[in-house]
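The values are calculated or read from the model by the stated rules, or taken from the named source; none is laboratory data. Quick caveat: nothing in here was measured; it's all calculated off a predicted structure. We place every Cβ from the backbone using ideal geometry, glycine too, and count neighbours over all the protein chains shown. With ligands, DNA and RNA removed, areas are computed over all heavy atoms of the protein, side chains included. Shrake-Rupley method; radii C 1.70, N 1.55, O 1.52, S 1.80 Å.
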Amino acid sequence: MTDAGQRCGHVAIVGRPNVGKSTLLNRLVGARISITSAKAQTTRHRITGILTRGDTQILFVDTPGFQTLHRSRLNTRMNAAVTQSLAGIDAVVVVIEAGRTVEADRAVVRLLPAGARVVAALNKLDRLRDRDALLPQMAELAGLFPFAAIVPISAEKDRGLVALVEEIRKLLPTGRHAHDEDEITDRDERFLAAEFVREKIFRLLGEELPYASAVAIDRFVHEGAVRRIHATVYVDRENQRAILLGAGGAKMKEIASSARTDMERLFGGPVFLEVWVRVKRGWADDDAQLSRLGY
Ligand code: GDP
């Protein structure tokens, strides 16, 4: 067998919250979410899904924190990490809602380093009532960044995805596939556990709080098939703790339960998850603390 004509590269899916990035990734790679240590120099670990289709292998890379700009020290670090992580990326997919570009989308586009090879995916096409809205949107986007392509898709309804993959393929270097088609590793489940809790906080509480919080995994043990995980969420102020907990702890329960569901799916077994919330003033500006938490 020859490697001639094979293409392989790292691709980041970015975009503001709720545009459908996870849906798209899941649709493209299915349940075969793999975790690899593809590039060691990144400051944040990354969850990567692998899509192998014909001669093409796409290694999807997650870049949490890309979607928002914040002023605190933490976020300066995160944005720097994002830019740094994109340095090893061959192509970027920016997901934007079809027919509706908002300021947060423009902010994401502005973060793209000049010279990046980027495809814009206009998602939720199935929801768009007025198809005429697409053309002016595409024209505006083309003015903001020299996208390699702009592709309308529906991640949920599986529309436009073949075209999207084809556009991504064109941006990838030729080279051997880096992974076997069915390769799955379980490297750093601890980190992923923290990442899932962080993601749920982000998802369920909007944009501000997550960056005022950090998640540490205090305990991660296997008991037979069960993974027993104790996590602590650190926040800066008492009122943030109250927001996280919600009335009678309901919000935290929702966050933990949702994170647990994702963990069980990814880890492939039952998870017992306990999450505590602690106030620790100034943690976001404390370098030592950030390093301990893996930022
Ligand atoms: P993320 O925050 O960017 O990862 O967004 P998600 O993948 O979690 O999607 C946010 C919401 O949009 C979810 O409720 C999805 O079901 C929904 N969604 C994603 N893709 C589509 C789509 O193509 N069409 C429609 N109608 N909804 C979608």
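Numerical summary
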{"quantity": "Members of segment 1-21 that are modelled with pLDDT of 80 or more and among the small types (Gly, Ala, Ser)", "calculated": "Gly9, Ala12, Gly15, Gly20"}
{"quantity": "Count of segment 147-178 residues which are on the phi > 0 side of the Ramachandran plot and more than 16 Å from the ligand (Cβ to nearest atom)", "calculated": "1"}
{"quantity": "Unmet requirement for Gly115, which otherwise passes all of (1) more than 16 Å from the ligand (Cβ to nearest atom); (2) at pLDDT 95 or above; (3) over 21 Å from the mean Cα position of the chain (by Cα)", "calculated": "(2)"}
{"quantity": "Among residues of segment 38-63, those that are at pLDDT 85 or above and either within 16 Å of the chain's Cα centre (by Cα) or not assigned by TED's automatic domain parsing to the domain that holds Val162 (or both), counted", "calculated": "1"}
{"quantity": "Elements of type strands (runs of 3 or more DSSP E) contained in segment 190-295, each with 2 or more residues being open to solvent by less than 30 Å² (accessible area, probe 1.4 Å) and modelled with pLDDT of 90 or more", "calculated": "226-235, 271-279"}
{"quantity": "Positions within segment 104-118 being in a helix (DSSP H, G or I) and without any contact (Cβ under 8 Å) to a residue 40 or more places away in the chain, in sequence order", "calculated": "Arg106, Val109, Arg110"}
{"quantity": "Looking only at segment 5-22, and only at residues there that are in a loop (DSSP other than H, G, I, E, B) and within 15 Å of the ligand (Cβ to nearest atom), the one that is most open to solvent (accessible area, probe 1.4 Å)", "calculated": "Asn18"}
{"quantity": "Count of segment 125-134 residues which are open to solvent by 40 Å² or more (accessible area, probe 1.4 Å) and either within 16 Å of the ligand (Cβ to nearest atom) or modelled with pLDDT of 95 or more (or both)", "calculated": "5"}
{"quantity": "Subset of segment 64-95 [modelled with pLDDT of 65 or more and over 25 Å from Phe196 (Cβ atoms)]", "calculated": "Ala87, Asp90, Ala91"}
